[in-house]
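Engineer: Handing you this structure, nothing more for now.
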Amino acid sequence: MATHSYKDLKVWQKGMDVVEKVYAIAAALPTTEKYALADQMKRAAVSIPSNIAEGQKRFGKLEMSHFCSIALGSTAELETQLQLANRLYGLRADETLLIREDISKMLTGLIKALRSKN
């Protein structure tokens, strides 16, 4: 991969933005959700840039593709949790969902590109 650092990847940068927004949303949840939905949301959000970073530091496109796939799964998990927060507590996360959608598209494209070069 031509990138020297995972920090140079736009998808990692957007992932970091999502983490910040999700932590703010999680803080707005009732205290009864502190160790349930809020914790799950934060873990899923953190998993996105973390897996991108780990994959970029691994050797080979297959490993990078694998970790990007995990990050992609975490985006779907996070979307579900954000929708639950909206349904259960009326918390809107439209901007976060849009960024998450961008990340999903970027990861899908990256995974396809990595797999096609094998």
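Engineer: Could you sort 102-110, 63-71, 19-27 so that the peptide with the highest average Cβ count within 10 Å comes first and the rest follow in order?
Structural biologist: 63-71, 102-110, 19-27
Engineer: Would you mind calculating the relative contact order of the chain from Cα pairs under 8 angstrom and at least 6 residues apart, reporting the percent as a whole number?
Structural biologist: 30
Engineer: Rg to Rh ratio, the chain, alpha-carbon atoms and Kirkwood radius?
Structural biologist: Over the Cα atoms of the chain, Rg/Rh equals 1.02.
Engineer: Relative to the longest principal axis of the chain, what angle (0 to 90°, nearest 10) does the C-alpha long axis of helix 94-116 take?
Structural biologist: 20
Engineer: Along the Cα→Cβ direction, 7 angstrom out, place labels at residue 62 and residue 101. What is the inter-label distance in nm?
Structural biologist: Taking the two extended label points, one gets 3.6 nm.
Engineer: On a 0 to 90 degree scale, rounded to 10, what angle separates helix 10-27 from the longest Cα axis of the chain?
Structural biologist: That helix lies at roughly 10 degrees to the long axis.
Engineer: Okay, next question. Calculate, for residue 108 and residue 28, the FRET efficiency according to 1/(1 + (r/R0)^6) with r their C-beta to C-beta distance and R0 41 Å; round to the nearest 0.05.
Structural biologist: 0.85
Engineer: Distance from a point 7 Å along Cα→Cβ of residue 80 to each backbone N in segment 1-45: keep the residues under 14 Å and list them by number.
Structural biologist: Answer for this model: 37, 40-41, 44-45.
Engineer: In nanometres, what is the gap between the two model label sites at residue 70 and residue 43, each 7 Å from Cα along Cα-to-Cβ?
Structural biologist: Going from the residue 70 label point to the residue 43 one covers 1.4 nm.
Engineer: Here's something else I'd like to know. Where a Cα-Cα gap under 27 Å defines reach, which lysines qualify for residue 21, not counting those fewer than 8 residues away within the same chain?
Structural biologist: Straight-distance partners of residue 21: 7, 10, 34, 42, 57, 105.
Taken together, the values in this text are just the output of simple stated rules run on the coordinates, not laboratory data. Small disclaimer: the values here were computed from a predicted structure and weren't measured. Ideal geometry is used to build each Cβ from the backbone, glycine not excepted, and the neighbour counts take in all protein chains shown.
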